[in-house]
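Q: Take this structure, written in C-alpha cells, and hold onto it; I'll ask about it next.
The values are calculated or read from the model by the stated rules, or taken from the named source; none is laboratory data. Small disclaimer: the values here were computed from a predicted structure and weren't measured. FYI the Cβ positions are ideal-geometry reconstructions off the backbone, even for glycines, and counts take in every protein chain you see.
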Amino acid sequence: MSRRQRLTLFSVVALGLSGFVLWAMTDLRSFGDYAGTYGVLLNKVGVSERHASNVVGAIVFDFRGFDTLGEEFILFSSVMGVAFILRSSLKIKDQRPLDAVSNDATRTVGGLMVPIVLIMGLWLAAYGYVTPGGGFQGGVAIASAAVLVWTATSYRAFARLTPAPTLDAIEGAGAAAYVVVGLVGLGLDGAFLANFLPLGTAGTLASAGSIGLLNWASAFEVAAANILLYREFFQEYVQTFPGVREER
Amino acid sequence: MILQLISFTAVMVLGVLVVLSFDPLRQVMVNGVFGLSLVVLFVVLQAPDVGLSELVVGTVAFPLVLLATIARTKETQRPK
Amino acid sequence: MAYYPFVVAAVLFIVGLYGVVSSRNYIHLAVCLTVMQSSTYLTLLAIGYVHGGTAPIYVGFPKHTRAVDPVVQALTLTDVVVSVVVLALILALTIQAHKRAGTVDPDKMTEMHG
Amino acid sequence: MLDLPPLTVAAPLAAAALLAVLGSHLPRHVVYLVATATALGTTGIEFAQLIGSWPDGIVHWFGNWSVQHHFPVGIAFTVDPINASLACVVGVLMVAALVYSWLAIPQVSHLYHVLMLVFLAGMSGFALSGDLFNLFVFFELMSVTGYGLCAFRQTSSSVLQGSLNFAIVNTVGAFFILLGIALIYGRTGALNLAEIARSLSGHRPDGLVVVAFVFIMVGFLTKAGAVPFHFWLSDAYAVAAAPVGALYAGIMSDLGYHAIATVYSDAFAPTFAGTATAAFRDVLITVGVLTVVVGAVMCFLEADIKRQLAFLVISHGGIFLCGIGLLTGQALAGSTLYVAADAMMKGALFLAAGYVVVVLGASDELLLRGRGRGRSHLPIAAVFTVAALGLAALPGFGTWLSASLIESSASSVGFGWLPPVLAAGTALTAATILRTAGRVFLGWGPAHDPLLTSSQADEPTEGEPSEEERHRLTLWALVPTTALLVIGFGLSFAPELANYAISAGRTFLDTGSYVDEILRGAHPVAPARLPGYAPDAGAWAYGAATTGGAIVLGLVGLYWQSLPARIHRRLIAMIEGPIVFVKALHSGRVGDMVTWLAAGAVALCAAGALAFR
C-alpha cells in the first residue's frame, strides 16, 4: 500500500473502531458508580486477613502475587533482552569528555540530591505495604539515585559505582528470591507463594507476613534491573561523543 | 468533580499533542508533561500507588532511555 | 461526566493507533505505543473509581470508609512496568537498526520486499 | 506430594535467575548443561502433570487464595489434559532447541540461555493459566523474551526489521487484550475465567461483552498469526535463528489459538449459548479457512526456505483454528494432537533449515539448486523429505491421525466442505517443502522461476553464519531434529491416544463442569469409558489426497515451465492478477500491518454485532 492508501484505509478503520469502542464503553456502569465484587471483597478482607494496611500492596504481593512474579520476570528478561540486543561488550575508553555536565552548580545540586533520592527510594520500598509505594516504585527511585551520580560526577564514576557483574548478581538474586519465597510456601503450605510468616500488626513494618520478603526481593530486582537498563543505553549514548570508537 | 474534569481533559489534550509532535526531542518534552498529567490524574482518581509508579517511570526512565536513543541515532550514518 | 473518562480513553487509544500507523520514526512510534498504553491505564482506573471513595489504604481511616477498587490499581501497576519494558526493547532494536540500515524510518526499512 | 503446576513455571525461572547471576563466570558448556537439564526436568514435570491431570484435572491456587466468601480471590492454574499436553510440547521443543544450539552455536552468550528458560516458563504459564489477567501477564512474558531472542544474529537490517515489526505489532495486539480485559472486568468484577462464566451466564451478550471478547481474541489471533493479523509473522520467523524459530513456529503461535479456545469455553461459552454458538463457529472457521488458503498460497510462491516455513506455520495454524472452531470435543482433540504432531514436524524443519543455511550457505531455494547433491548431504536430505511427508499427513502416522479427527468431525456439524479445503492447504504447503527438497538435494527443476519471490541474495535472511560455525556443525546436529520427527510420527502408535484425547476434548468444552470444579471444588464426572475411535475410509482418503497431492503439486512446482507453452501461458494469465495482489499486501511495513490488524478487529466486531444483536 502507498502511504496515502494506508491512511485512507486507516481513517475508515479508525471510525469503525471508535464506534465499537464507544459502543462497548457505554455499556459499562457510569463513571464513579462501580461496585465490582472482587475489589469490594478485597477492600473488606484485605486488612483483616493480610494485616497489610495498603490493600494494593496486599494484592500485588499476595492475592495476585503470582502476577507480580510474572511482572518481575518481564522486567528481568527485558533487561537481558536489551543487553542481548545491544551487546555492549565494548570497552569505553578512558576519555575525558564523557561527563554529562561540567557545570559546578549542577554538580553540587545533583550531588546533594543523591542521598535524598536514595533515602526516598528506600522509604518507598520499605513502607510499600503500609503506605503508597512498594518494591517497584522504590526500586526505580533507587535506580534514579544512581543516575544522579552520573549527572553530578562523571560517567566513569557512575560505571565504577555500578559494576555490571554486581548488578547482574543483585538482579538475579532478587528474581530468584521471589521464586524461592514462592517455593518455600509450596513446601510448607502446599501452595506456591503461600504466606509462611506471622502476620503481625497492620500498619507497622513488622506486618503482612511474607509480603515484606517479596517486597524487598522485588525492590532489589527492580533497582538493579533499571540501573542495568540505563547502563546499556548510556553506553550507547557515550559512544556518540567524539573520540570514542566502536570496536565492532 | 471539576478537578477530575480538568485532569481528564489535560491528559487527552496532551496525549494528542504527544502523538502530533513529530520532532523526537520535542516529543520527549511533551511526553514528560503528558506523564505528569497522568500522575495528577492518578492521584485525583485515588490511586497513589499508580501515581508514584508513573512518576518515577515518567520522569526518569522514559526520558533517559529516549534521549540516549535520539542521540545515538542522530548522527548521519554511513551505510553498513 | 458519566462517560467522559471512557471517551478520553477511547480518544487516546485511537490517536495512539494513528501515531503508530503513520509514524516515520521508530522512536516516535514507540512513544505513540505508550500513549496507547495510557489509554488502558485510564480505562482500568476509571472503571474502578467510586464517587467519594478514598484510596484503598487504611492508615488513620476508620475501616468502613468507602474506597476505590484496589484490584484495577494492581493491574495498572503491572501495566506500567510493561510499558517501560516494551519501550526499552523497541528502542534498543531501533539503535541497532540505525547502525545497520542507517535509518529509523519504518517505511524505508523495507529492503526485504523491495 | 508437591503440587506440580507451579513448578513448570518456577523451575525454569529459578534456573534463569541463577544463570543470570553465575552465567558470565561459568564455562559455556556448563551453562548449556544447566539450561538443558532444567528444560529436561521441566519437561519431566510437565509429563507427570499430564498424567496427573487425567481425568479430573488439577487446580492450583497460588498463595492458597482459593474461593473465599463465594469468590475466587486468587489466581489459579487450571490444568486439564488438553493444556497439559501443550505444555509437554513446549518442553520437548525447548529441549530439542537447546540441544541443537549446543551443537550448532556453542559460543553464544549466557543471556541466550537465560532468555530461553524464561521463554519456556512464559509459554508453560500461558498454556496453563485460568485467570484472564494472568494470561495477559504470561502473554507479555512470552512476548518480551521473544522480542529479545528474535534479534539473535543482527548482521543484516532485515533481522532488525523483522524483530521490530514483531515487537510493535504484538504490543498493539496486547493492548487490545488489555482493553478487552478491562471491559470484562468492568462488567463482571472478576478475572477468574470460571467466575466470569458464572457472572455472564444467563445474560444475552450486549455490545460490551461482544467487543471485549473480540478484542481479547484479536490479541491472541495476532500472536497466532491468523489472517489478517499475520503480516508480521513471516518477517519475524524467517529471520529468527533456527532454534528460536523452531519454538516460535512449533508452539508459540499455536498457543495463541489455544488461548482463544480456553477463554471461549471457560468464560464466554455460557453467554454465547444458543444461536450465537453457530455464529461464533462460522466466524472462527471463516478466519481459519482464510488463513489456511492465504498461508498456503504465499508459502508456495516463496523461494526462501525460512519464509516458506513461516507461511507454512500460518497455513497450518489455520487448520488448528478450524479444528477449534468446529466446537466439538472430537475436533478439539484432533486440533490438540495436530498441534503436538505438527509442532514436531515444524520444529524439525526449522532446525533442518538452520542446518541447510549453515552448511550450504544460503536459504534461497533457487540459489541452492543442486548444491545439496552428494553423499555427504544425504542425511539432511532424508530428514527434510521425511519432515515434508509428515507435514503432508502421511497416512498411518501422527499428523494424519489428528487431521482425521478434525476431518470426520467436520461433517457432523454441517461443514462437509471443510476437509477438502484443509487437505488442499496441507498438500500445497507440503508440496512446497518437497519442491525445495527436490531442487536443492536432487537438482531437479530449473534455476529460475518467475512465480517465486526470490531475493537472489547470497546472504541468508537470518544473517551470515561465521566460518567457525560452519566448520563446527556436524551430523550430530541432526540428532535433535530426528528425535522430533520420531516423536511426531510415533504419536499415532501411542495406545488409545485418540480416545483419551476425544474424551479430554469433550470435558474441555463442558463449561458447566469446569465452573463447578473451580468454584465449588466439585470433581467432574469421569467419562464412563473411552470412545472407540477408529479412522474410517474418509480418513484414509484424506491422507492419500494430501500426500499424493503434495507429491503431484511439488512436481508441478518444479516443472510447470516445461508444460506446453499454450497451457502454461494461460495458467499464468489466470493466476497472475491475484498473485500480484496478495504479494503486494505483504509489504513488510509496520504501518500497513497495524492498519490491517485494526481492520481485522473492526471486521470481527462487526461480525459479532451482527451475530448477537
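Q: Within the stretch D:96-116, is even one residue farther than 30 Å from A:L41 by Cβ, within 21 Å of the chain's Cα centre (by Cα) and facing chain A (nearest Cβ under 9 Å)?
A: Among the residues of the stretch D:96-116, at least one is farther than 30 Å from A:L41 by Cβ, within 21 Å of the chain's Cα centre (by Cα) and facing chain A (nearest Cβ under 9 Å), which makes the answer yes.
Q: Right, here's the next one. Look through the stretch D:15-30, keep the residues that are surrounded by fewer than 24 Cβ atoms within 10 Å (Cβ to Cβ) and closer than 20 Å to A:L183 by Cα, and return whichever of them is nearest to the other protein chains (Cβ to nearest Cβ).
A: Only one residue fits best here, namely D:V21.
Q: Do you know which residues across the stretch A:13-60 are of a type outside the set (F, W, Y), in contact with a Phe, Trp or Tyr (Cβ under 8 Å, 6 or more places away or on another chain), over 21 Å from C:L12 (Cβ atoms) and at the interface with chain D (Cβ under 8 Å from one of its Cβ atoms)?
A: A:G36, A:T37, A:L41, A:L42
Q: Another question about this same structure. Return the total of residues in the stretch D:553-602 being under 15 Å from D:V294 (Cβ atoms), at pLDDT 90 or above and among the small types (G, A, S).
A: Within the stretch D:553-602, residues that are under 15 Å from D:V294 (Cβ atoms), at pLDDT 90 or above and among the small types (G, A, S) number 2.
Q: Right, here's the next one. If I ask for residues that are more than 9 Å from chain B (Cβ to nearest Cβ) and over 14 Å from D:V594 (Cβ atoms), which ones from the stretch C:21-43 would you list?
A: C:Q37, C:T40, C:T43
Q: Okay, moving on. Can you name the residue in the stretch D:31-86 that is hydroxyl-bearing (S, T, Y) and in a helix (DSSP H, G or I) and, of all such residues, is surrounded by the fewest Cβ atoms within 10 Å (Cβ to Cβ)?
A: Checked the stretch D:31-86; the qualifying residue surrounded by the fewest Cβ atoms within 10 Å (Cβ to Cβ) is D:T36.
Q: Shifting gears a bit: Can you tell me which of (1) in a loop (DSSP other than H, G, I, E, B); (2) within 20 Å of the chain's Cα centre (by Cα) is the one D:F415 doesn't meet?
A: The single condition D:F415 does not satisfy is (2).
Q: Here's something else I'd like to know. What are the residues in the stretch A:160-182 that are over 18 Å from the mean Cα position of the chain (by Cα) and either surrounded by 19 or more Cβ atoms within 10 Å (Cβ to Cβ) or not in a helix (DSSP H, G or I) (or both), if any?
A: Selection gives A:P163, A:V181, A:G182.
Q: Within 18 Å of the chain's Cα centre (by Cα), more than 7 Å from every other protein chain (Cβ to nearest Cβ), surrounded by 24 or more Cβ atoms within 10 Å (Cβ to Cβ) and under 17 Å from D:A15 (Cβ atoms): is that true of D:L141 in this structure?
A: For D:L141, the condition - within 18 Å of the chain's Cα centre (by Cα), more than 7 Å from every other protein chain (Cβ to nearest Cβ), surrounded by 24 or more Cβ atoms within 10 Å (Cβ to Cβ) and under 17 Å from D:A15 (Cβ atoms) - is not met.
Q: Going by the structure shown, is D:A606 within 14 Å of another protein chain (Cβ to nearest Cβ) and surrounded by 12 or more Cβ atoms within 10 Å (Cβ to Cβ)?
A: Criteria met by D:A606.
Yes/no per residue for (1) in a helix (DSSP H, G or I); (2) within 28 Å of D:A381 (Cβ to Cβ); (3) at pLDDT below 80:
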| position | (1), (2), (3) |
| --- | --- |
| D:S455 | no, yes, yes |
| D:P460 | no, yes, yes |
| D:E469 | yes, yes, yes |
| D:V525 | no, no, yes |
| D:A534 | no, no, no |
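Q: Could you tell me whether D:G347 is closer than 27 Å to D:N499 by Cα and in a loop (DSSP other than H, G, I, E, B)?
A: Answer is no for this residue.
Q: Mind checking which residues of the stretch C:73-96 are among the polar types (S, T, N, Q) and more than 8 Å from chain A (Cβ to nearest Cβ)?
A: C:T76, C:S83, C:T94
Q: Shifting gears a bit: Starting from the stretch D:195-208, take each residue that is within 12 Å of chain A (Cβ to nearest Cβ) and touching a residue at least 24 places away in the same chain (Cβ under 8 Å) and list its partners that are loosely packed, with under 15 Cβ neighbours inside 10 Å and of a type in the set (F, W, Y), counting only C-beta distances under 8 angstrom and pairs at least six apart or across chains.
A: none
Q: Out of A:V130, A:V140, A:V147, which single residue is part of a loop (DSSP other than H, G, I, E, B) and within 26 Å of C:T78 (Cα to Cα)?
A: Just a single option satisfies the conditions, and that option is A:V130.
Q: State which residue is surrounded by the fewest Cβ atoms within 10 Å (Cβ to Cβ) when the search covers only the stretch D:145-165 and only residues that are assigned to a helix (DSSP H, G or I) and away from chain A (no Cβ under 12 Å).
A: Within the stretch D:145-165, the match that is surrounded by the fewest Cβ atoms within 10 Å (Cβ to Cβ) is D:S157.
Q: Can you run down the residue pairs with Cβ atoms below 6 Å, 6 or more apart or on separate chains, where the first is in the stretch C:97-112 and within 13 Å of chain B (Cβ to nearest Cβ) and the partner is at pLDDT below 85 and surrounded by fewer than 17 Cβ atoms within 10 Å (Cβ to Cβ)?
A: Partner pairs satisfying both residue conditions: C:R100/B:K80; C:G102/B:Q77; C:G102/B:P79.
Q: Kindly establish whether A:F10 is facing chain D (nearest Cβ under 7 Å) and not in a loop (DSSP other than H, G, I, E, B).
A: Yes, satisfied.
Q: Going by the structure shown, is C:Y18 aromatic (F, W, Y), at the interface with another protein chain (Cβ under 7 Å from one of its Cβ atoms) and over 16 Å from the mean Cα position of the chain (by Cα)?
A: no
Q: Determine if the stretch D:41-58 includes at least one residue that is within 14 Å of another protein chain (Cβ to nearest Cβ) and of a type in the set (F, W, Y).
A: For the stretch D:41-58, residues within 14 Å of another protein chain (Cβ to nearest Cβ) and of a type in the set (F, W, Y): absent.
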